[in-house]
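K.L.:
If you scroll down you'll find the structure; I have some questions about it.
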Amino acid sequence: MKTFAIALLALGACALAPLHAFADDTIDCNSNSLSQADQDDCAGRDYKKSDAALNAIYKTMMSKYDAANGALLKTSEKTWLAYRDAQCDYETNGSVGGTMNPMLVTICKTRMADERVKLLSAQMKCEDGDLSCNKP
């Protein structure tokens, strides 16, 4: 009986594990016949790429700034993250409780991360003497 209970607990733990934990890297994200779980996985992959690009430019900028400018960027990033989350909650409110909501939130966060990368990249490329940006 004890073995049966342990097996039942193990089976329950597997059933409760997130499906994306078992994601198949061979999913064709351009396919028109993806399950919702596959669409969630594809959106997650896109977000990870965008988030990595954002983290890379943030780290580059932080490494080049002095302490005062680094503190300003850190504050800006924390504030932007709160804005991003609130904006994506707002934009996807119509899907709350539905199976598509997590994917739609992830797509929103990806789009906003891409926009943030463009904004920070512009700061890295501003001309000397341009007082409208804060080049590291």
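K.L.:
If Val96, Val117 are ordered by their accessible area, calculated over protein heavy atoms with a 1.4 Å probe, which sequence runs from highest to lowest?
P.N.:
Heavy-atom accessible area, descending, gives Val96, Val117.
K.L.:
Ordered by residue, what ³J(HN,Hα) values in Hz, to whole numbers, does the stretch 67-80 give under the Karplus form 6.51 cos²θ - 1.76 cosθ + 1.60, where θ = phi - 60° and Gly and Pro are x?
P.N.:
4, 5, 5, x, 5, 5, 5, 4, 4, 4, 5, 4, 5, 5
K.L.:
Here's something else I'd like to know. What number comes out for the charge environment of Ser95, summing +1 per Lys or Arg and -1 per Asp or Glu over other residues with Cβ under 13 Å away?
P.N.:
-3
K.L.:
Using θ = phi - 60° and the Karplus relation 6.51 cos²θ - 1.76 cosθ + 1.60, list the HN-Hα couplings for the stretch 46-53 in order, rounded to whole Hz, with x at every Gly or Pro.
P.N.:
4, 5, 4, 5, 5, 5, 5, 5
K.L.:
Lysine pairs in the stretch 30-79 with Cα distance under 17 Å, only those 8 or more apart or on different chains: how many are there?
P.N.:
Lysine pairs meeting both conditions in the stretch 30-79 amount to 5.
K.L.:
Continuing with the same structure: What figure, in Å² to the nearest 10, do you get for the accessible area of Ile57 with a 1.4 Å probe and non-protein molecules left out?
P.N.:
Taking all protein chains as shown, Ile57 has close to 20 Å².
K.L.:
Quote to one decimal, in nm, the extra length available between Glu91 and Glu127 on full extension: 0.36 nm per residue of separation minus the C-alpha distance between them.
P.N.:
Extra length from Glu91 to Glu127 when fully extended: 9.4 nm.
K.L.:
Note down the nm distance, to one decimal, between modelled labels 7 Å out along Cα→Cβ at Leu81 and at Asn134.
P.N.:
According to this spin-label approximation, the distance is 1.7 nm.
K.L.:
Within the set of other residues whose C-beta is less than 12 Å from the C-beta of Trp80, count the net charge using Lys and Arg as +1 and Asp and Glu as -1.
P.N.:
With Lys, Arg at +1 and Asp, Glu at -1, the neighbours total +2.
K.L.:
Please give the per residue accessible area of the stretch 26-136, computed with a probe of 1.4 Å over protein heavy atoms only, in Å².
P.N.:
I get 64 Å² per residue for the stretch 26-136.
K.L.:
First check a/c for the stretch 41-114, with a ≥ b ≥ c the square roots of the eigenvalues of its C-alpha gyration tensor; if it is under 1.5, answer rounded, and if not, answer prolate when a/b is larger than b/c or oblate otherwise.
P.N.:
oblate
The values are calculated or read from the model by the stated rules, or taken from the named source; none is laboratory data. Please read these numbers as outputs of a predicted model, since none were measured by experiment. No Cβ is skipped: glycine too gets one built from the backbone with ideal geometry, and neighbour counts run over all protein chains shown. Ligands, DNA and RNA are excluded from the accessible area calculation, which covers all protein heavy atoms including side chains. Shrake-Rupley method; radii C 1.70, N 1.55, O 1.52, S 1.80 Å.
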